[in-house]
Number of protein chains: 2
Amino acid sequence: MTGMKIAIVGGTGFIGEGLALRWARNHEILIGSRDPDKARKAAPGYIESLSCKGISSIIKGYSNEEAVTRADIVVISVPYESVAGVLGSARPFFKDQIVVSLVVPMKKNEYYKYTPPPQGSAALEMRDLLPPEVRVVSAYHNVSAKKLCNLDLEIEGDVVVCGDDDDAKKMVMSLTREIRNLRPFDGGPLGSSYMIEALTPFLLNLGKMNGMKDLGVKFV
Amino acid sequence: MTGMKIAIVGGTGFIGEGLALRWARNHEILIGSRDPDKARKAAPGYIESLSCKGISSIIKGYSNEEAVTRADIVVISVPYESVAGVLGSARPFFKDQIVVSLVVPMKKNEYYKYTPPPQGSAALEMRDLLPPEVRVVSAYHNVSAKKLCNLDLEIEGDVVVCGDDDDAKKMVMSLTREIRNLRPFDGGPLGSSYMIEALTPFLLNLGKMNGMKDLGVKFV
């Protein structure tokens, strides 16, 4: 699959950068930020990172709203606390895109704890915040941003994909296969997203307690 | 570590059998059952399975209460629904053993769902049901019984161990290393057990939806 326009809302963050770098080989990437100047400044750096590896790419910076308007797929890669604000202002610019939620609501005291909203998960809340034509898919919660950003690493790991629209889910599973050694798993309906979202605080705690960083997960 | 007495309450079940077979190389195994005849009948079969591989073992069948009385470590491997009944009658026979909970409270409709008790997890409920001197550790929720029972398989997987007593936790982590290719992870206090218990329904759903059986987990 090539030639899609993938907007990454929160694309100047670490995980957003990683996905942009990994997908730019096959797709046009639209970096979105609340501050369009920040997005426009980030884009040339991403292009340069790929260029060093002999990969040509089209990566541009936009406001979140501009990025959403132009995109086939919109990845929401912002902290949970920013989701309602970001989607509130971008909502009128959505049509029937596929929206991919990477969002995990969690709190940290001594340990991280999953703190889902009343809907049951960030993905279900996102579905409520967006127009009904938008197909929300939940994925990539537990992929290490650090490993994604390092193009010399072949990140290993399994990606669980939840969603209620089969075509949208298949599309995201196919995008996952484009990132070498990532293996997509069908995680069932969007209502099951809480299970995979809850893995993020679990992996963070586990890493901290066992002196390991950037833990991902594989199903064996 | 060798020569401990490990009681397996629910030891005639599939996962109980698997742990008995794997630990019997180094330890004396006490199979516990509500029906002591069933436990006594199961034991020779386990001994025979090991004998075929040239491994001599001491495995005996008892009532749950007898097994608990005699044991250094007690593994609780019964369905969640039976825990309160089993521990209710065995409670007077506990002293200061280490108790290992494999228990996962879950319900199945279309998908499996984690359904923890008011305490927050099966492990925390178990702590409430036992004398305060007992040190409860939570582990082995996501190890495939089928793979454990097949001595020709080197099961691969990671085991997260939760508990409030460091020595008890270290003991269980050490027992985990005795099962080749199983790698123990410190999962933090017993209060974190819900995170690892919740993985069981998640893995069952994931396996069902992706046509894979007996999924375990590895942290990468």
Quiz prompt | Inter-copy spacing of B:Arg91 label points, which lie 7 Å from Cα along Cα→Cβ, given in nm from shortest upward | solution = 5.3
Quiz item: Counting only residues 5 or more places away or on other chains, whose amide H sits under 5 Å from the amide H of A:Phe185 once H atoms are built in the peptide plane?
Solution: A:Val159, A:Val160, A:Val161
Exercise. Kindly point out which whole DSSP H helices in chain A project their C-alpha atoms 27 angstrom or further along the helix axis while averaging a Kyte-Doolittle hydropathy of 0.5 or above.
Key: none
Quiz item: Can you give the charge dipole size of chain B about its Cα centre, rounded to the nearest 20 debye, using +1 on the beta carbon of Lys and Arg and -1 on the beta carbon of Asp and Glu?
Solution: 500
Exercise. Along Cα→Cβ, 7 Å out, is where each label goes; now give me the distance between the ones at B:Asp35 and B:Met212 in nm to one decimal.
Key: 3.7
Quiz item: Smallest Cβ-to-axis distance in chain B, for the rotation taking B to A: which residue, how many Å?
Solution: B:Lys218, 2
Self-check item: Projected area averaged over orientations for the range B:5-209, convex hull of C-alpha atoms, nm²
Solution: 10.5
Exercise. Report, by chain and number, residues whose modeled amide H sits under 5 Å from the one on A:Ile58, excluding near sequence neighbours (fewer than 5 apart, same chain).
Key: A:Ile29
Quiz item: What ³J(HN,Hα) values, in whole Hz, does the Karplus curve 6.51 cos²θ - 1.76 cosθ + 1.60 give for the range A:97-103 when θ = phi - 60°, with x put for Gly and Pro?
Solution: 4, 8, 10, 9, 8, 9, 7
Quiz item: How far is it, in nm, from the label point at B:Glu154 to the one at A:Ile58 when both lie 7 Å from their Cα along the line to the Cβ?
Solution: 5.0
Practice problem: At 7 Å along the Cα-to-beta-carbon direction for both A:Glu133 and B:Glu81, put a label point, then send me their distance in nm to one decimal. | Solution: 4.8
Quiz item: What number, rounded to the nearest 500 deg cm²/dmol, is the helix-based mean residue ellipticity at 222 nm of chain B, given -39500 (n - 2.57) per DSSP H run of at least four residues and division by all its residues?
Solution: -11000 deg cm²/dmol
Quiz item: Can you list the lysines whose alpha carbon sits under 30 Å from that of B:Lys5, skipping same-chain ones fewer than 8 residues off?
Solution: B:Lys38, B:Lys41, B:Lys53, B:Lys60, B:Lys95, B:Lys146, B:Lys147, B:Lys169, B:Lys170, B:Lys218
Exercise. Quote the charge dipole size of the range A:1-71 about the Cα centre in Debye, to the nearest 20; the model charges only the Cβ of Lys and Arg (+1) and of Asp and Glu (-1).
Key: 140
Self-check item: Förster-model FRET efficiency, 45 Å R0, B:Arg25 and A:Arg183, C-beta, rounded to 0.05
Solution: 0.85
Quiz item: How big is the charge dipole of the protein assembly as shown about its Cα centre, in debye rounded to the nearest 20, if each Lys and Arg gets +1 on its Cβ and each Asp and Glu gets -1 on its Cβ?
Solution: 560
Practice problem: Roll a 1.4 angstrom probe over the protein heavy atoms and tell me the percent of accessible area of the protein assembly as shown that is carbon or sulfur. | Solution: 50
Exercise. Using +1 at the Cβ of each Lys and Arg and -1 at the Cβ of each Asp and Glu in chain A, identify which of A:Thr69, A:Asn26, A:Cys52 lies farthest towards the dipole's positive end.
Key: A:Cys52
Quiz item: Nearest-5 percent of antiparallel DSSP beta bridges in the range A:5-209?
Solution: 15
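The values are calculated or read from the model by the stated rules, or taken from the named source; none is laboratory data. In this text the structure is predicted, and so the values were computed from the model without any measurement. With ideal geometry, Cβ positions are generated from the backbone for all residues, glycine too; neighbour counts draw on all protein chains shown. Ligands, DNA and RNA are stripped out before the accessible areas are found, and what is left, the full protein with its side chains, is counted by its heavy atoms. Shrake-Rupley method; radii C 1.70, N 1.55, O 1.52, S 1.80 Å.
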